[in-house]
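A.B. asks: Take this structure first; my questions come after.
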Amino acid sequence: MRRELLAVLLISPLVSSLGTASAVHAQNIGSSLFMGVSPQSKPGDDERVVVEARELVYNRDKGVVTAYDNVELSYKGQTVVADRITYDSNTKDVIAAGRVRIVDKEGTSITADSVELKGSLRDGFMHALRLEKDTDEGYHARFSSPVGERIDGKTTILDYATYTACNTCREKPQRPPLWRIKAARIIHDGKERTLYYEDARMEVWGIPIFYAPYFWTPDPTVKRKTGLLTPGYSKSSTLGMGFTFPFFWEAGPNYDLTFSPTYYERQGLMGQVEWRHRLESGSYRIRVTGIHQNAPEAFATGRYGAGDKTNRGLIESAGEFLITPRWRWGWNVSLMSDKWFFNNYNLHGFGYSSLFYQEAISTVYLEGAGERSYFDLSANHFKGLTTYDRQSQQPVVHPVLDYNKRVNGPESIGGEVDFTVNLTSISRSVADYRQIPQQQERLFGIYETCAIFDKSHCLLRGMSGTSTRVSAAASWQRDFIDPVGQVWKPFVFGRADAFVVSQNFGARGNDYQRLIANEADDTALRFTGGIGMEYRFPLVASFGAHATQILEPIAQIIARPDESRIGSLPNEDAQSLIFDDTNLFDWSKFSGYDRAEGGVRANLGLQYTVQGESGARLNLLAGQSFHLAGRNSYAVKDYVNTGANSGLEYDNSDYVGRLQLTTGDDFSMFVRGRFNKDDFTPSRLDGGLQFKVPAMPIRGTVFYTNYAEQPDVGYAYRREGLYASARWNLTKNWWISGSALFDLNLQEKTIITNGPATSARYWDASGLSPRSMSFGLGYDNECVTFNLGYTIVPKEYATANGKSERDEIISFTLLFKSLGPIAVSQNLSSD
């Protein structure tokens, strides 16, 4: 029987013969035909073979169906498309020929000249096949072979096969791909999700570069698989050549171990093992690293390095778990044999991304967040990682708690009410001092200290002992807009602080603390509150046909009592004070709770904004702060002289301002600064710009800083620096990059003559050279990523880690996508 129509034939694989074939016939478009099954007992969709074709030939006697012209056969999520498909209902065999394409339910695509499939499409032979698989990482795995065999639907054997993740060149399809693996046989074990290669060689642009009689890799879809990872190579003067051979063990579906032994030419074998475990509510990881050094003398000794240590190591752990959708807890902890270990062995700690590790912070935390509230409780331990860090001066925070809740104000007055609670408890074994004016007085020649211990010559940056403070604050504010558009915002606030201080005078040097903190109280209460009004009058007008401009005068006045107990209470969290445009209208300009601004103060500013329809935006702000009455908190010195040289210590403050300009994705810039109230000379400047040159195309970033000396807080010299970086995409795939950091400090040189010492300002010529610099060259396409980098490590970082000269490092990374990376790092320094 032969019919020329679009037929849909639904065949139950349960049928073993066509014994009642006389009851079978083809119907018109849209009808269905079930072989050996009554219409009342249709099989499930997963048990049916569905064939669609333009032309159907049905041999009733042999039980063979042959479909022609745009044939599509579907069964259990698999689809076969071909010019011709023959299905034998007795043997369940399928023969497809002519532009065959098979797609399984996981998206794997196979094309071939002809295919013979047996046993529910699970077994068969394929001729001139090409297999493609999309991966979660975004690349395509491609296999090709003149002949292939599929066994039990899980194992595929490809003879004389080729594997690559690279696209074929459209202009020259005969050209070899960038890389490929050719093998006498490639076996894919679907159950183990592993690829086995026999008599294989790897080619780059058709040139063989590697041969192996036998090896295996996870298949391209696997993210976790037991086996060897890509080895690594490094070289440095202190360690010698280093070879790493990592091994990954998938111990279970949700936990694994990675062993990363590294052999160093000079220092011997360093072992490292990392355990990862994912649970229903979160995950955690533990990593242990250790080495018995063969040549500890390669490092500086004593207080300058770990040259007197033979056994060195590190234990790290990090984790985070959900308690509820709004609550979570976690930790990040590091325990090490010495503070130089991280940098000496170029290790990468949990949560660290910087090239230079200056401190390791161990923390345990509990966090919660609501729609208008948050809770954060944490304990922290700080480990200094440079030669100049004295661990006994580092604080231990046990704990710090922050809670904030905002609610609507009472119906009678409206507005918003804000509640805040902070608890901070800090311990320190040894007091932390800094000499003013700054000089090179060093304890043991390393640690910063004072030559004269009194309030006029020495800052107490950290009090020895334990200090605990609890603060609770509440505030109310509301915006009122009058008929002409003026915005009036009254506000009121109050705060109470309780301090408990226990000083420790036992350790060496702690007794000098009495000379600076002689008025410190064991327990103290402090209350502050205030009332104020903020006024804004935004004047809006059109600026051309496609922009809007807003001119907005801003005025604010705050009245409160004088700050009490200045200089008799610890100051740990409010030492940094930067007066600029960002805090011009803050109710208190101190950065923490240990200080509380007092007195009557007015803040004035003028803001101008232009907003274009295209996204371009210009914003200008200028302002000044005025102390009107009471005691100026910024003019009264505490243990660290917070407020001194800040621009706020006078009744009329310095001027602050900013300029921000954005033209879209191609360009943005900002400049913010503080300018002397008398002669408008800059006391603090920060500027930056980000740009893109579409025609090149180049992207770049430039940042500039210039801070005046602040001798009263320990900075005797002006600090000036410039950082620039850029990346140029030479082609679609090739790019170059570079960055440089310049220290442009003006130094002060003391000239000793027969008479008194004199000082002169001069440029330090070394400041004009880069303090750090890096260059990069890279290539990236669908199947390979290549990076070549060169970095100069600043001398101040190198010497802080027991080395005498700066480091120069060249690194090389080659990633064959779906196979893994090859990474090389070489230190070019000679120390």
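A.B. asks: Quick check on the chain: helices-only [θ] at 222 nm, where DSSP H runs of length 4 and up contribute -39,500 (n - 2.57) each and the sum goes over total residues. Nearest 500, please. Let's see the in-between values first.
C.D. replies: On the way: 3 runs with 13 residues, N = 831.
The helix-only estimate for the chain comes to -500 deg cm²/dmol at 222 nm.
A.B. asks: Could you work out how much longer the chain between F419 and H546 gets when fully extended? Use 0.36 nm per residue separation minus the Cα distance between them, nm to one decimal. List each step's numbers first, then the result.
C.D. replies: Details: separation 127, 0.36 × 127 = 45.72 nm, distance 4.29 nm.
Working it through step by step, the gained length comes to 41.4 nm.
A.B. asks: Then there's this: Could you calculate the contour length gain from D338 to N59, that is, 0.36 nm times the residue separation minus the distance between their Cα atoms, to one decimal place in nm?
C.D. replies: Working: separation 279, 0.36 × 279 = 100.44 nm, distance 8.32 nm.
Contour length minus Cα-Cα distance gives 92.1 nm.
A.B. asks: If you take the charge dipole of the range 186-242 about its Cα centre, with +1 on Lys and Arg Cβ and -1 on Asp and Glu Cβ, which of T226, S237, I207 is farthest toward its positive end?
C.D. replies: Selected residue: S237.
A.B. asks: N254 versus T813, label points 7 Å from Cα toward the beta carbon: distance in nm?
C.D. replies: For N254 paired with T813, the spin-label model returns 3.1 nm.
A.B. asks: Still on this structure, I have one more. In what order, largest first, do Y264, Y512 sit by accessible area if the probe radius is 1.4 Å? Intermediate results must be reported in sequence, preceding the final value.
C.D. replies: Working: Y264 15, Y512 95 Å².
Accessible-area ranking of Y264, Y512, largest first: Y512, Y264.
A.B. asks: Note down the accessible area of D686, probe 1.4 Å, to the nearest 10 Å².
C.D. replies: Around 30 Å² of this residue is reachable by solvent.
A.B. asks: Using a simple spin-label model with points 7 Å from Cα along the Cα→Cβ vector, what separation in nm is obtained for L269 and S412?
C.D. replies: 8.0
A.B. asks: T681 to L777: extension gain in nm, 0.36 nm per residue of separation minus the Cα-Cα distance?
C.D. replies: Working: separation 96, 0.36 × 96 = 34.56 nm, distance 4.20 nm.
30.4 nm is the gain from fully extending T681 to L777.
A.B. asks: Suppose R0 equals 51 Å. What FRET efficiency, 1/(1 + (r/R0)^6) with r the Cβ-Cβ distance, do F215 and V50 give to the nearest 0.05? It would help to have the intermediate numbers written out before the result.
C.D. replies: Details: r = 41 Å, r/R0 = 0.81.
With a Förster radius of 51 Å, E is 0.80.
A.B. asks: With every protein chain left in place, what is the accessible area of K92 in Å² (1.4 Å probe, nearest 10)?
C.D. replies: About 40 Å², rounded to the nearest 10.
A.B. asks: So with the 1.4 Å probe, I'd like the accessible area per residue for the range 213-254, rounded to whole Å². Walk me through the numbers before you get to the answer.
C.D. replies: Numbers: 2270 Å² over 42 residues.
For the range 213-254, the per-residue accessible area is 54 Å².
A.B. asks: Something else: From the cross-link list K383/K455; K455/K677; K105/K732; K225/K339, which pairs have alpha carbons spaced over 32 Å apart? Present the calculation step by step, with values, prior to reporting the outcome.
C.D. replies: Values: K383/K455 28 Å; K455/K677 27 Å; K105/K732 34 Å; K225/K339 35 Å.
In this structure, K105/K732; K225/K339 exceed 32 Å between Cα atoms.
A.B. asks: Something else: Could you report the range 555-599's accessible area per residue, 1.4 Å probe, as an integer in Å²? Let's see the in-between values first.
C.D. replies: On the way: 1430 Å² over 45 residues.
Each residue of the range 555-599 exposes 32 Å² on average to a 1.4 Å probe.
A.B. asks: Carbon-plus-sulfur fraction of the accessible area of the chain, 1.4 Å probe, in percent? Intermediate values should be presented prior to the final figure.
C.D. replies: Numbers: 23460 of 41980 Å².
About 56 percent, which is the carbon plus sulfur part of the accessible surface.
A.B. asks: Per residue, how large is the accessible surface of the range 401-502? Use a 1.4 angstrom probe and give square angstrom.
C.D. replies: Working: 4760 Å² over 102 residues.
With the other protein chains kept in place, the range 401-502 gives 47 Å² per residue.
A.B. asks: Continuing with the same structure: For S283, list long-range residues whose amide hydrogen, built 1.01 Å from N in the peptide plane, is under 5 Å from its own amide hydrogen.
C.D. replies: Residues meeting the criterion, in which the H sits 1.01 Å from N, are E320.
A.B. asks: Follow-up. Under a Cβ-Cβ limit of 4.7 Å, which cysteines in the chain have nobody to pair with?
C.D. replies: C169
A.B. asks: What lysines could a cross-link reach from K182, if we take a straight Cα to Cα line under 21 Å and drop same-chain neighbours fewer than 8 places away?
C.D. replies: K133, K172, K817
A.B. asks: Kindly write out, for the range 642-652 in residue order, the coupling ³J(HN,Hα) from the Karplus curve 6.51 cos²θ - 1.76 cosθ + 1.60 (θ = phi - 60°), rounded to whole Hz, with x marking Gly and Pro.
C.D. replies: Going residue by residue, I get 4, x, 5, 6, 9, x, 10, 6, 9, 4, 9 Hz, with x marking Gly and Pro.
A.B. asks: Could I ask something else about it? So for each of 98-107, 153-162 I average, over its residues, the number of other beta carbons within 10 Å; can you give me the resulting order with the highest mean first?
C.D. replies: Numbers: 98-107: 15.5, 153-162: 18.5.
Those peptides, ordered most packed to least, come out 153-162, 98-107.
A.B. asks: Then there is this: Apply the Karplus parameterisation 6.51 cos²θ - 1.76 cosθ + 1.60, with θ equal to phi minus 60°, to every residue of the range 389-399 and state each ³J(HN,Hα) to the nearest whole Hz, in sequence, with x for glycine and proline.
C.D. replies: 8, 9, 4, 5, 8, 6, x, 10, 9, 8, x
A.B. asks: Next question. Using +1 on the beta carbon of Lys and Arg, -1 on that of Asp and Glu, and nothing else charged, what's the dipole of the chain about the Cα centre, debye to 20?
C.D. replies: 1120
A.B. asks: Please give the net charge around M202, taking every other residue with its beta carbon less than 13 angstrom from that of M202, where Lys and Arg add +1 and Asp and Glu add -1.
C.D. replies: On the way: positive: R180, K182, R201; negative: D199, E203.
Result for the neighbourhood of M202: +1.
A.B. asks: Based solely on C-alpha atoms, express the radius of gyration and the Dmax of the chain in angstrom.
C.D. replies: Calculated on Cα positions, Rg and Dmax stand at 36.6, 127 Å.
The values are calculated or read from the model by the stated rules, or taken from the named source; none is laboratory data. The structure displayed is predicted, hence computed values, not measured ones. Positions of Cβ are backbone-derived with ideal geometry, glycine not excepted, and every protein chain shown enters the neighbour counts. Accessible surface is based on the protein model in full, side chains and every heavy atom, while ligands, DNA and RNA are left aside. Shrake-Rupley method; radii C 1.70, N 1.55, O 1.52, S 1.80 Å.
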